[in-house]
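What follows is one structure encoded as structure tokens, with my remarks underneath.
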Amino acid sequence: MTHSSAPGKIILFGEHAVVYGRPALAVPVTQVHADVEVSDSARSGIWIEAPAVGLQAELNALAPDHPLAAVINNLFFRSHVSPFPNLEIRITSTIPVASGLGSGAAVTVALTRALASHLDGSMTDEELNAFAYEIEKIHHGTPSGIDNTVVTYARPVYFVKDQSIETFLVGQPFTIVIADTGIPAPTKESVADVRKLFESDEKYWDNVFDEMADISFAARRVIEEGWIEMLGALLDENHALLQHLTVSSPELDALVEAARRAGALGAKLSGGGRGGNMIALVEPESAETVAASLKEAGARNTIITQIT
Ligand code: PMV
């Protein structure tokens with residue numbers, strides 16, 4: 001039997017602007033993860049079990065563009081595996097779906113790694129990342145590639161589309177509370193709406209994306225130097241720009257406000273927006289209080305994570 005695991009992720013800075021070539025910062029969240037077990041099967045076919053999404057099916061019963069079928073078929077064709085072996089695949093995940101925590105990318109990465117190593121094929125992180133990006137396009141249309149990158153490398157990533165991967169160091173660990181609105185984040189829709197807005201006045205929105213880029217650039221320096229006390233204001237500024245870009249929502253704004261009132265040093269939505277998650281920077285000793293206030297303000301779930 002072969003097992004592989006991949007973490008969730010959050011975007012700290014630069015979502016949406018990253019689609020337009022600006023830098024974004026994302027980090028792995030190891031408290032949640034996707035796990036895949038692959039074993040040889042006595043019955044014929046490739047049997048997939050994914051209880052979290054109520055799936056129990058043989059590969060051929062899935063639509064060809066189903067993301068799991070796409071992973072298996074593309075990987076086997078690419079590796080010239082023929083005929084397909086008889087396998088049992090079990091996929092479990094603690095990453096909430098459609099919340100901006102990278103659940104799709106984590107399942108893809110864990111499944112690809114588990115299958116490749118079960119078949120004795122090795123894949124470099126670079127190959128795996130490029131492969132996962134192709135699968136992400138099936139999920140999301142025109143993704144920047146940030147999700148698959150941070151999940152593959154499982155390290156803090158300073159991401160610029162179409163440029164080589166830059167990981168960054170965290171000078172001093174800091175604590176983030178993640179809170180889920182419980183509303184699915186319609187990333188494809190918010191990305192498409194931002195595109196329309198951009199096309200309505202490219203010069204204006206290019207300036208807004210430049211401001212977001214300045215924030216990401218400054219945030220990387222601040223994190224690397226360990227000047228955490230300066231990070232809160234950058235989160236707040238980034239949230240204001242995302243509101244202006246129309247990708248926040250009353251629920252996200254309510255959680256951002258609640259976190260600030262409860263003593264967070266700064267807060268913003270994280271990911272595609274409209275739903276999904278927000279993040280708050282907190283002093284470690286006030287993490288539980290902020291998390292409780294977020295629950296009171298309507299958060300479905302909270303995660304406290306240390307960025308190291
Ligand atoms: O909702 P998430 O966490 O998958 O993030 C989407 C981030 C965007 O910048 C809005 C889109 C992208 O592909 O980078």
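Where a number appears in this text, it was derived from the coordinates with a stated rule and is not lab data. These numbers come from a predicted model, not from an experiment. Cβ sites come from the backbone with ideal geometry, for glycine too, and all protein chains shown count toward neighbours.
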Legend entry - Distance (nanometres) between label positions extended 7 Å along Cα→Cβ at Glu127 and Phe168: 3.1 nm
Legend entry - Dipole of the range 151-308 [Lys/Arg +1, Asp/Glu -1 at C-beta], most positive-end residue of Ile228, Thr302, Asn207: Thr302
Inset, instruction - Using a Gaussian network model of the chain whose springs link C-alpha atoms within less than 10 Å, name the residue from Asn74, Asn207, Asn238 with the highest mean-square fluctuation. - result: Asn207
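Of the cross-linked pairs Lys9/Lys188; Lys9/Lys137; Lys9/Lys161; Lys188/Lys295, which ones have a Cα-Cα span greater than 21 Å in the structure shown?
Table pairs above 21 Å Cα-Cα are Lys188/Lys295.
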Legend entry - Proximal aspartates and glutamates relative to Lys203, as straight alpha-carbon distance under 20 Å, when same-chain residues fewer than 8 apart are discounted: Glu15, Asp193, Glu211, Asp214
Legend entry - Net charge over other residues, Cβ less than 10 angstrom from the Cβ of Gly45 (K, R count +1; D, E count -1): -1
Legend entry - Summed side-chain charge close to Leu87 - residues other than Leu87 whose Cβ falls under 15 Å, Lys, Arg +1, Asp, Glu -1: -3
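Counting each DSSP H run of 4 or more residues in the chain as -39500 (n - 2.57), what helix-only mean residue ellipticity at 222 nm follows after dividing by all residues, to the nearest 500 deg cm²/dmol? List each step's numbers first, then the result.
Numbers: 9 runs with 126 residues, N = 308.
Taking each H run of at least 4 residues, the total per residue is -13000 deg cm²/dmol.
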Legend entry - Where trypsin sites (Lys or Arg not before Pro) fall in DSSP loop in the range 1-89, at most 15 other Cβ within 10 Å: Arg43
Legend entry - Inter-probe distance in nm under a simple model that places probes 7 Å from Cα toward Cβ, at Ser41 and Ala61: 1.0 nm
